[in-house]
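The values are calculated or read from the model by the stated rules, or taken from the named source; none is laboratory data. The structure displayed is predicted, hence computed values, not measured ones. We place every Cβ from the backbone using ideal geometry, glycine too, and count neighbours over all the protein chains shown. For the accessible areas, the whole protein counts, side chains as well, though only heavy atoms, and no ligand, DNA or RNA atoms are used. Shrake-Rupley method; radii C 1.70, N 1.55, O 1.52, S 1.80 Å.
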Amino acid sequence: MRSRGHFRKNVYPSPFHSRLEPLNKLKEWGRWHDYLSADTYICDSKEYFAVRNTCAVFDLTPMEKTRVTGPDAFAYLDRLLTRSVEKVKPGRVGYCVWCDDNGRLLDDGTLFHLHEGDYRLCSLHPQLDWMLTSAIGFDVDIRVETHEVAALAFQGPTSCAVLRKMGLDDIENLKPFGIKHYAFAGTELMVSRTGYSGDLGYELWIDPSAAEDLWDRLFEAGELHGIMPFGGNALDLVRIEAGLLLCGKDFLPADGTVRPERTRSPFELGLDWLVDLSKPCFNGRQALLEEKKNGSRYNFVKLDIDGNKPANDSFIMLQNKTTVGHVTSAMWSPSAKANIAFASLEAPYGQVGEEFLAEIYYQRELKWTRVLAPCRVIDHNFFEPPRRRMTPAPDF
Amino acid sequence: MTDSKRIVIVGGGHNGLVCAAYLAKKGREVMVVEAAEQVGGAAVTREFTPGFKVSSCAHLLYLMDAGISRELGLETHGLRFARQDLATVALAADGKHLTYTTTAVSGGDVSADDRAAYPKYRRRMEKFSDVLAKLYTREPPRLGTHNRKDLMSAARLALDIRLLGRDDMREFLRIAGINMFDILEEQFDSALLKGALSLDGMLGGSLGPRSNNGVFAALHRLSGQVGGTRGALALPAGGMGSVTAALAQAAQMNGATIRTSSPVASILMDGDHVCGVELEGGEKIDAGIVVSNADPRTTLFDLLGARHLEAGIVRRVSNIRMSGKAAKLNLALNGAPEFTGLGADQLGERLVIAPDLVYVEHAFNHSKYGEHSVEPVMEITIPTVHDTTLAPSGQHVLSAVVQYAPYDLKGGWDEAARTAFTNQCMEVLGRYAPKIREQVMHTELMTPVDIEREFRITGGHWHHGELTLDQALMLRPVPGLAQYKTPVGGLYLCGAGSHPGGGVMGAAGRNAAAAVLSGE
Ligand SMILES: Cc1cc2nc3c(=O)[nH]c(=O)nc-3n(C[C@H](O)[C@H](O)[C@H](O)COP(=O)(O)OP(=O)(O)OC[C@H]3O[C@@H](n4cnc5c(N)ncnc54)[C@H](O)[C@@H]3O)c2cc1C
């Protein structure tokens with residue numbers, strides 16, 4: 001695919017396209033970098049409920065995948081990422097973020113420690129420029145392998161049962177954030193217990209030549225377990241319930257942001273747990289040490305809002321109507337039966353339990369209405385079923 | 001973290017020695033660790049063939065900070081001058097040379113208009129370079145902070161420019177970023193005068209007369225004083241090495257120790273703080289603070305390792321333009337050379353070969369494409385005219401900065417390229433001193449590649465990095481490193497790569513010492 005003339009084609013069908021196409025009842029495709037990608041296959045809520053109640057498949061192939069190998073792979077990643085990479089042992093996956101020198105987020109992603117010293121970093125957006133810049137002085141090999149790996153997110157309560165039925169031995173004993181390798185159709189299928197849904201779920205990684213095979217086997221096994229594809233819109237709903245951030249929505253990549261006050265540090269996104277200041281050097285450390293000392297500009301919070309009108313794009317106000325922030329993501333959560341949102345508030349606002357007003361505009365039969373809905377800062381995820389972490393993973 | 005109180009200075013170039021002397025003077029335990037057999041860096045006198053000594057790189061002293069000479073007592077430590085007031089002779093092939101000093105121009109076919117314009121040009125340039133000189137003795141402000149010190153020093157710069165008066169301020173802002181060609185064309189008629197003056201902006205840099213930043217470089221060159229005269233040119237007795245010998249003595253008398261032949265292999269880290277250095281032989285020296293006189297890229301990439309810095313700063317350091325274009329040609333001569341039309345009394349002045357602006361521009365053009373000049377420009381001194389200690393009696397040394405000899409010559413500086421360039425230089429010299437070839441007993445050509453190898457300066461660059469507005473003041477060597485202190489705990493820079501830049505001046509060394517002391 002990365003051949004000359006690649007630009008002429010502009011956007012590509014994913015290796016699963018022949019299977020996705022008939023299932024895409026709306027025949028509408030969006031794009032995610034180089035690929036056709038569907039926001040909706042048939043109906044957002046139907047897809048959402050499949051993820052939450054049975055299982056559903058999301059085509060993850062367009063996700064940027066960068067392979068990092070070589071003698072300095074560990075040292076390189078430990079300097080690139082704000083977290084401790086030491087803790088991501090071989091066969092494990094870690095959530096991570098990375099910053100520029102100003103300690104502002106460039107993107108978030110997952111780091112797969114495939115084999116000792118052999119890593120794959122997955123991110124929403126291409127990171128090659130920054131990854132190569134960061135490689136100066138390290139003996140590492142950095143290779144974008146986005147197009148060489150077909151990937152599916154397979155999420156939902158029945159996902160483990162389906163994989164077992166497919167013949168993936170011992171899959172129920174794979175721990176959250178663990179990786180297993182299986183022989184499959186003459187190649188290797190990699191399964192990680194990861195995902196963006198906050199529920200039991202897996203991600204499946206395979207050579208594109210075996211992509212259709214994988215899809216067919218999965219759908220065959222899943223037929224009686226309610227399997228169906230889900231698109232970007234349903235994914236956005238489940239990730240909000242799961243308390244997971246989306247680059248471009250909850251924060252902007254610092255290298256594409258003109259106004260410095262619009263960028264965010266990990267602390268300003270509630271990601272303190274992903275920052276290991278005890279590491280002697282990583283990108284952004286100096287600035288983050290300063291921030292720790294002087295205080296952050298913003299707090300990122302989860303809000304539980306009264307009523308049932310989603311607080312998309314709302315201003316968040318004090319009781320006296322002073323604006324102190326805005327909502328970045330919001331939805332009515334059918335699973336939590338709650339009106340939920342993420343918001344970025346000016347520090348020091350945003351302590352757990354603090355109460356604010358969300359200024360919500362909504363329309364009913366062409367009539368706009370404004371409500372100031374009371375809301376409060378909570379510290380738990382909206383949706384977090386125990387099966388998410390249970391090992392062995394339960395059957396449903 | 002080490003509890004060592006020792007300050008190790010990596011490199012005993014003149015800036016390292018100045019820094020050492022100031023720190024030792026304040027009672028700090030200082031050790032200078034120099035790779036070469038002798039201290040001095042690019043400000044050094046070496047025997048290049050038996051019986052003949054020469055200032056290997058830098059040969060003229062015009063930037064040395066008077067305050068430093070006084071405060072460190074360089075004269076009591078043996079610094080003497082063979083001459084303090086060299087004139088410049090712009091050589092003409094027909095022998096109608098033109099001579100200028102800091103106050104007047106004469107000879108050649110120079111017009112009355114040019115004679116009148118020259119002192120005005122000179123005074124104005126000196127006035128402007130004064131603005132720079134004031135900045136040179138202090139740490140440049142950081143931009144975008146609200147720190148009081150930064151705001152004050154930015155305000156002082158603005159005030160210094162404002163105090164030039166309305167017309168001069170306007171003129172300063174007009175010309176500071178532009179090229180020598182335009183301002184010389186505005187002021188003078190004489191092609192020879194314009195060619196020679198343009199070199200003030202070209203020597204040591206990657207610029208031709210039409211390149212922007214030339215005026216800035218010329219102002220830098222004029223910003224120093226010798227014997228109280230702005231822009232004066234001096235020849236230290238015994239060559240440039242006596243300046244650094246005096247500095248070494250000053251440092252030692254204040255209690256610093258100096259180790260030569262001790263190349264540092266790496267700067268040692270404990271967590272995010274330096275804890276010493278390791279020599280190439282494996283010996284480790286503890287230190288709570290390490291100050292590096294090596295250029296920024298050598299220091300941060302080769303000695304420290306980029307992995308100890310954040311990626312943004314690494315990118316900036318890797319983008320510093322530091323590819324040298326100045327070579328040095330040193331000749332041992334069996335007698336005094338004869339330049340057509342030049343009296344013996346003028347042989348000891350600064351002689352330049354830059355007959356007109358277009359000649360200089362052509363010489364530069366080659367270097368843009370990885371070629372050396374076919375007709376190089378030259379800045380020549382014959383120090384033996386004033387200083388008999390450098391060569392056997394009756395014999396002479398000719399020391400010439402020759403440009404343009406790009407570091408990254410296409411095909412590399414192999415023997416054939418060296419011979420070809422030397423021949424070009426001799427051919428050009430021969431136009432002015434027809435019999436000189438027969439007088440040559442020994443030739444030493446130091447290309448930027450040789451300078452890099454022998455003096456450990458990346459790219460063999462005169463200033464340890466181009467001295468242009470985008471790499472000057474608070475941007476030198478790169479934003480985030482301009483206050484001498486690096487982001488690495490206990491690591492400082494003190495060489496020419498830092499503000500205010502290269503030339504034998506010592507300001508970077510002294511400012512770095514102040515930064516170390518204020519950081520304690
Ligand atoms: C051809 C040429 C002609 C010049 N002519 C003039 C002139 O006429 N007048 C003028 O004022 N300026 C001139 N200059 C510029 C001037 O020489 C330099 O700008 C100045 O000498 C730089 O001084 P410094 O102390 O900062 O660095 P340097 O003189 O480069 O000193 C750095 C020292 O660090 C040492 N070092 C580096 N790495 C290590 C290591 N790993 N371990 C231990 N030691 C190390 C080096 O050996 C060196 O001694 C000229 C430069 C060149 C190249």
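The residues of the protein assembly as shown have, on average, 39 Å² of accessible surface per residue, using a 1.4 Å probe with all protein chains present.
For peptide B:301-311, the mean count of partner chain Cβ atoms within 10 Å of a residue's Cβ comes to 6.
Taking each DSSP H run with n ≥ 4 as -39500 (n - 2.57) and averaging over every residue of chain B yields -10000 deg cm²/dmol at 222 nm. Pairs of Cα atoms in segment A:297-382 fall into 10 Å distance bins, from 0 up to the last occupied one, in shares of 20, 55, 22, 3 percent.
How many percent of all Cα-Cα pairs in the protein assembly as shown sit more than 48 Å apart? Tail of the P(r) past 48 Å holds 40 percent of the pairs.
Within chain A, all pairs of alpha-carbon atoms sorted by distance into 10 Å bins from zero give the percentages 5, 21, 31, 27, 13, 2, 0. The alpha carbons of segment B:121-230 occupy a box of 49, 30, 28 Å along the principal axes, longest dimension given first. Within the listed set A:Ala153, A:Ala211, A:Ala221, the residue fluctuating most in the Gaussian network model of chain A (springs between alpha-carbon atoms under 10 angstrom) is A:Ala221. Once the Cβ-Cβ distance of B:His442 and A:His125 is raised to the sixth power relative to R0 = 51 Å, the FRET efficiency obtained is 0.25. Residue-wise HN-Hα couplings along segment A:124-136, as the Karplus relation 6.51 cos²θ - 1.76 cosθ + 1.60 with θ = phi - 60° gives them from phi, are 5, 10, x, 10, 4, 4, 5, 5, 6, 4, 5, 8, 4 Hz; Gly and Pro carry x. Close amide H pairs (under 5 Å, H built 1.01 Å from N) link A:Lys279 with no residue at least 5 positions away or on another chain.
For the pair B:Ser318 and A:Trp332, what calculated FRET efficiency results from E = 1/(1 + (r/R0)^6), where r is the Cβ-Cβ distance and R0 = 41 Å, to the nearest 0.05?
0.20
Taking a straight Cα-Cα cut-off under 19 Å and skipping sequence neighbours fewer than 8 places away in the same chain, the aspartates and glutamates within cross-link reach of A:Lys27 are A:Asp39, A:Asp44, A:Glu47, A:Asp59. Solvent-accessible surface, computed for protein heavy atoms with a probe of 1.4 Å, shrinks by 20 Å² or more for the following residues of segment A:277-299 when the other protein chains are added to the isolated chain: A:Pro280, A:Cys281, A:Arg285, A:Gln286.
Database remark: amide H of B:Val30 closer than 5 angstrom to the amide H of B:Ile7, B:Thr257 (H placed geometrically; neighbours at sequence offset of 5 or more, or on other chains; Pro and chain starts carry no H). Pairs exceeding 19 Å between alpha-carbon atoms, taken from B:Lys5/B:Lys284; A:Lys309/A:Lys367; B:Lys120/B:Lys194; A:Lys89/A:Lys279; A:Lys25/A:Lys309; A:Lys89/A:Lys175: A:Lys25/A:Lys309. Accessible surface of chain B, 1.4 Å probe: 51 percent of it comes from carbon and sulfur atoms.
Working out 0.36 nm times the residue gap between B:His273 and B:Gln38, then minus their Cα-Cα distance, what length gain in nm do you get to one decimal? So the extension gain works out to 81.6 nm. Comparing A:His326, A:His113, A:His181 in a Gaussian network model of chain A where C-alpha atoms under 10 Å apart are linked, the largest mean-square fluctuation is found at A:His181.
Going from the chain on its own to the full set of protein chains, segment B:268-286 has these residues losing 10 Å² or more of accessible surface (heavy atoms, 1.4 Å probe, no ligands, DNA or RNA): B:Gly271, B:Asp272. Couplings 3J(HN,Hα) for segment A:276-282, derived from phi with the Karplus relation 6.51 cos²θ - 1.76 cosθ + 1.60 (θ = phi - 60°), are 10, 5, 7, 5, x, 8, 8 Hz, where x marks Gly and Pro.
Averaging the sequence gap over all C-alpha pairs within less than 8 Å and six or more residues apart, then dividing by the number of residues, gives segment A:297-382 a relative contact order of 37 percent. Taken about its Cα centre, the protein assembly as shown carries a charge dipole of about 1720 debye when Lys and Arg each add +1 at the Cβ and Asp and Glu each add -1 at the Cβ. Figure legend: label point modelled 7 angstrom from the Cα of B:Gln84 along Cα→Cβ; no residues of segment B:119-146 have amide N under 11 Å from it.
All C-alpha to C-alpha distances of segment A:56-109, sorted into 5 Å bins beginning at zero, yield P(r) values of 4, 15, 23, 25, 17, 10, 4, 1 percent in whole numbers. Relative contact order of chain A: 18 percent, from C-alpha pairs under 8 Å at least 6 residues apart in sequence. Under a crude label model (7 Å from the Cα following the beta-carbon direction), how far is A:Trp273 from A:Leu23 in nanometres? Between A:Trp273 and A:Leu23, the simple spin-label model gives 3.1 nm. Only lysines eight or more places from B:Lys325 in sequence, or on another chain, were considered; those with a Cα closer than 20 Å are B:Lys368, B:Lys410.
Report, in whole Å, the centroid distance computed from the Cα atoms of segment A:58-112 and segment B:31-102. One Cα centre to the other: 54 Å. Here the simple spin-label model places points 7 Å from the Cα toward Cβ, and for A:Arg376 and B:Met169 these points are separated by 6.1 nm. Among the residues of segment A:124-150, those with an accessible-area drop of 40 Å² or more from chain alone to full protein complex, heavy atoms and 1.4 Å probe, are A:Thr133, A:Ile136. Other residues whose C-beta falls under 13 angstrom from the C-beta of A:Glu21 contribute a net charge of 0, scoring Lys and Arg +1 and Asp and Glu -1. Each Lys or Arg adds one and each Asp or Glu takes one away; over the other residues whose Cβ falls under 11 Å from the Cβ of B:Gly460, this sums to -1. For the pair B and A, the buried accessible area comes to roughly 1300 Å² in total, with a 1.4 Å probe and the value rounded to the nearest 100. For B:Lys96, a cut-off of 17 angstrom between C-alpha atoms picks up these aspartates and glutamates, skipping any fewer than 8 places away in its own chain: B:Asp109, B:Asp114, B:Asp189, B:Glu338, B:Asp345, B:Glu349, B:Asp356. If you take the Cα centroid of segment B:323-349 and the Cα centroid of segment A:272-292, the two points sit 58 Å apart.
Each pair of Cα atoms in chain B enters the Kirkwood radius, and Stokes-Einstein at 37 °C and 0.692 mPa s then converts it into a translational diffusion coefficient of 142 µm²/s.
State, as an integer percentage, the relative contact order of chain B based on alpha-carbon contacts under 8 Å between residues 6 or more apart.
24
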